[in-house]
There are 2 protein chains.
Amino acid sequence: MKNIVTIGGGTGSFTLLTGLKKYPVNISAVVSMADDGGSTGVLRDELGVLPPGDVRQCLVALSESSETLRELMNYRFEGGGLKGHSFGNLLLSALEKIKGNFAEGVEEAAKILDIKGEVIPVANKDVRLCVKLRNGEVLSGQSQMDHNEKVREIGIAEVFIKPRVSAYKKVLDRIKKADFIIIGPGDHYGSILPNLLVSGVGKSIKKSKAVVVYNCNLTNKKGQTDDFDLDCYVSEMEKFIGKGRIDFATYNIRRPNKRLLEKYEKREGKNSLVLLKKEKNNPGYRIIVADFLQNAKVVRKKGDAIFDTRSFIRHDSEKLARTLMKIIEPERY
Amino acid sequence: MKNIVTIGGGTGSFTLLTGLKKYPVNISAVVSMADDGGSTGVLRDELGVLPPGDVRQCLVALSESSETLRELMNYRFEGGGLKGHSFGNLLLSALEKIKGNFAEGVEEAAKILDIKGEVIPVANKDVRLCVKLRNGEVLSGQSQMDHNEKVREIGIAEVFIKPRVSAYKKVLDRIKKADFIIIGPGDHYGSILPNLLVSGVGKSIKKSKAVVVYNCNLTNKKGQTDDFDLDCYVSEMEKFIGKGRIDFATYNIRRPNKRLLEKYEKREGKNSLVLLKKEKNNPGYRIIVADFLQNAKVVRKKGDAIFDTRSFIRHDSEKLARTLMKIIEPERY
């Protein structure tokens, strides 16, 4: 079986791992540690733990345990002092306290959840993401990106982590042994870069013999990746892992429905869909163009009215995994 | 294998089940639902769930999963809005919310913890324990017993539950099929009676063909069971399950060390150890007199000073189980 290292965090990794899990591959999911919003943020502040939210999502994606146990991990309490906390975050925080460090707590959680493969935090130390705006102002905390209107108005110049930390040793080991390294999908500044900013990650990818696949996001974010096309994203990655290091980039060709697209354009600006800019010749990496769009689930409700229940433009886990497996084992898939 | 139903709640049941688990018997642990103090009380008030604390202890006792998972169940958060909550209580509360009722949540937790046998709440509905003092005043809530000084000063006349609820159907089924019913050890008013006060429990024990064993507590509580001897406890039980219904009663003969006894006498009054009153002839039940006292753990610390780490007069789980197995399978043990 091929050794696959995925790099991301949050919903993007959840989607990718949910799909990949069904294939015979060895998965090591490397997860960013920048999240500091919501339940995760409260736990970091109140208990001094490392951020459990993104790890939780990856564990659930790879879990082969009962539906109830997976539902439990995402269950959010609704009242009192527990309000807003997801049960899985509490599990990870309690295990971190019991085992004495986050990475070992994650390993225990992986056993409880009977996961396929492994989930590894990119760093096993407390680190915060800082956002430098185009006017020079620095905001502290990943959650600022989604909740501080300045980001949308002024725009991000760069992000960095504080303090500078080194990668958790297992991460570097898995990258070294990887046959394929799959970066993304995931929030560019919020999930992907916080992995590459950790010392040792970019360099070890550069040095590794693995084939590197980049799953380009479907949409851009206002103030963050305005007007980015596929090549912009790839160039950003290669700043960390070396020019020409990306072998494949996947790009979604299917347009979302008009209503959904209008909703995005209203919020994220005119070029909210990532463009391909086909005119560019010889980009140095192979572009895999396919339909990766999550299918709109059509649910028949009372009175036979049809509702489109999807409200996000997202990757479809099965479509994404199927295409990736064609890259990973072309003779078989 | 013999079908054993245990009736209790809290630490007493934990001790009993920890010992019994090691023998080849079918265990159904019936647990009282009266607890409303500490983490359990907060969860009842804030989330409207049924009390998880006693069930949690029984699940841990019967769990055959890893030491870490058992430790996790008892882990208490130390900061912020989660302060004082045990992780296991949160697990049970979340599962109750997901499954829609407490008893099914307990079944799911039992699967996660890989328990031997089963843990069954005596009732699957919200019920509160009320304490009537000897001056006629009524206090609401089991936690009043340990935290309201009036109980110690005035004394309990009786306890009752509000509203009157019926036993969870599985409880009656297991009692019907039981070969042995083991009542106690456990807090008399706080854990044991709250089981027998639930409609149907006493009557079904009365009618069952099971042998009934009563594990008498080691100590009395001031304002609650002052000067109770073994026969007083048995008579109290038989008010619910019928005169002469108890077949065996276990009684501890070994005295605790002087220092520990003095501590208890200072708090609980002169006759803090339950007396036997041997003079009584023909009590209608067989008294099994033995050493059931939890061994004082002697730990060598720095400088070779020896400390007695036990600060409670409690049953020893192994001694108790060994004696009970001699009653359950005399030809084998």
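Selection of the stretch A:62-76 for residues being within 7 Å of chain B (Cβ to nearest Cβ) and either open to solvent by less than 10 Å² (accessible area, probe 1.4 Å) or of a type in the set (Lys, Arg) (or both) yields only A:LEU72. With respect to the conditions (1) farther than 19 Å from B:HIS188 by Cα; (2) open to solvent by less than 10 Å² (accessible area, probe 1.4 Å); (3) not in a helix (DSSP H, G or I), B:GLY19 falls short on a single one, namely (3). Scanning the stretch A:231-289 for residues that are part of a loop (DSSP other than H, G, I, E, B), among the aliphatic types (A, V, I, L, M) and open to solvent by 50 Å² or more (accessible area, probe 1.4 Å) gives a single hit, A:ILE253.
Of a type in the set (Val, Ile, Thr), within 14 Å of another protein chain (Cβ to nearest Cβ) and in contact (Cβ under 8 Å) with a residue 12 or more places away in the chain, is that true of B:THR18?
Numbers: of a type in the set (Val, Ile, Thr): yes; within 14 Å of another protein chain (Cβ to nearest Cβ): no; in contact (Cβ under 8 Å) with a residue 12 or more places away in the chain: yes.
It is false that B:THR18 is of a type in the set (Val, Ile, Thr), within 14 Å of another protein chain (Cβ to nearest Cβ) and in contact (Cβ under 8 Å) with a residue 12 or more places away in the chain.
When the stretch A:46-62 is filtered for residues that are assigned to a helix (DSSP H, G or I) and touching a Leu at 6+ places or on another chain (Cβ under 8 Å), the ones remaining, listed by number, are A:GLU46, A:LEU47, A:VAL55, A:ARG56, A:CYS58, A:LEU59, A:VAL60, A:ALA61, A:LEU62.
Just need a number here: residues in the stretch B:137-164 that are open to solvent by 40 Å² or more (accessible area, probe 1.4 Å) and in a loop (DSSP other than H, G, I, E, B). Outline the logic, then answer.
Our first condition is that a residue be open to solvent by 40 Å² or more (accessible area, probe 1.4 Å); within the stretch B:137-164, this holds for B:137-138, B:140, B:144, B:146-147, B:149-150, B:152-154, B:157-158, B:160, B:162-164.
If we keep only those that are in a loop (DSSP other than H, G, I, E, B) too, we end up with B:137, B:163-164.
Total satisfying the criteria: 3.
Here the stretch B:87-100 is the region considered, the condition is being small (Gly, Ala, Ser) and farther than 26 Å from B:TYR23 by Cβ, and the residue that is nearest to the other protein chains (Cβ to nearest Cβ) is B:ALA94.
Suppose the filter is surrounded by fewer than 16 Cβ atoms within 10 Å (Cβ to Cβ), part of a helix (DSSP H, G or I) and within 11 Å of chain A (Cβ to nearest Cβ); does B:GLU104 pass it?
Values: surrounded by fewer than 16 Cβ atoms within 10 Å (Cβ to Cβ): yes; part of a helix (DSSP H, G or I): yes; within 11 Å of chain A (Cβ to nearest Cβ): yes.
Here the answer is yes, as B:GLU104 does meet what is asked.
The residues on offer are B:ALA29, B:ALA34, and the sole one that is crowded, with 23+ Cβ neighbours inside 10 Å, more than 9 Å from every other protein chain (Cβ to nearest Cβ), touching a residue at least 40 places away in the same chain (Cβ under 8 Å) and over 29 Å from A:GLY84 (Cα atoms) is B:ALA29. Residues that are open to solvent by less than 10 Å² (accessible area, probe 1.4 Å) and either without any contact (Cβ under 8 Å) to a residue 12 or more places away in the chain or in contact with a Ser or Thr (Cβ under 9 Å, 6 or more places away or on another chain) (or both) within the stretch A:202-219 comprise A:VAL213, A:TYR214, A:ASN215, A:CYS216, listed in sequence order.
Yes or no: B:GLY53 at pLDDT 95 or above and surrounded by fewer than 22 Cβ atoms within 10 Å (Cβ to Cβ)?
Considered against the rule, which asks whether it is at pLDDT 95 or above and surrounded by fewer than 22 Cβ atoms within 10 Å (Cβ to Cβ), B:GLY53 comes out as no.
Evaluate the stretch A:120-128: report whether one residue or more is surrounded by fewer than 23 Cβ atoms within 10 Å (Cβ to Cβ) and part of a helix (DSSP H, G or I). Scanning the stretch A:120-128, I find no residue that is surrounded by fewer than 23 Cβ atoms within 10 Å (Cβ to Cβ) and part of a helix (DSSP H, G or I), so the answer is no. Among the residues making up the stretch B:63-89, those that are outside any strand (DSSP E or B), in contact (Cβ under 8 Å) with a residue 40 or more places away in the chain and touching a helix residue (DSSP H, G or I) at 6+ places or on another chain (Cβ under 6 Å) are B:ARG70, B:MET73, B:GLY84, B:HIS85, B:ASN89. Residue-level check: of (1) more than 10 Å from chain A (Cβ to nearest Cβ); (2) at positive phi, B:GLY84 misses just (1). Suppose the filter is within 21 Å of the chain's Cα centre (by Cα), more than 14 Å from chain A (Cβ to nearest Cβ) and touching a residue at least 40 places away in the same chain (Cβ under 8 Å); does B:VAL119 pass it? When the stated conditions are applied, B:VAL119 passes them.
The values are calculated or read from the model by the stated rules, or taken from the named source; none is laboratory data. This is a predicted model, so every value here is computed, not measured. Please note: Cβ atoms are built from the backbone with ideal geometry, for glycine as well, and neighbour counts cover all protein chains shown. All accessible areas refer to the heavy atoms of the entire protein, side chains included, with ligands and DNA or RNA removed. Shrake-Rupley method; radii C 1.70, N 1.55, O 1.52, S 1.80 Å.
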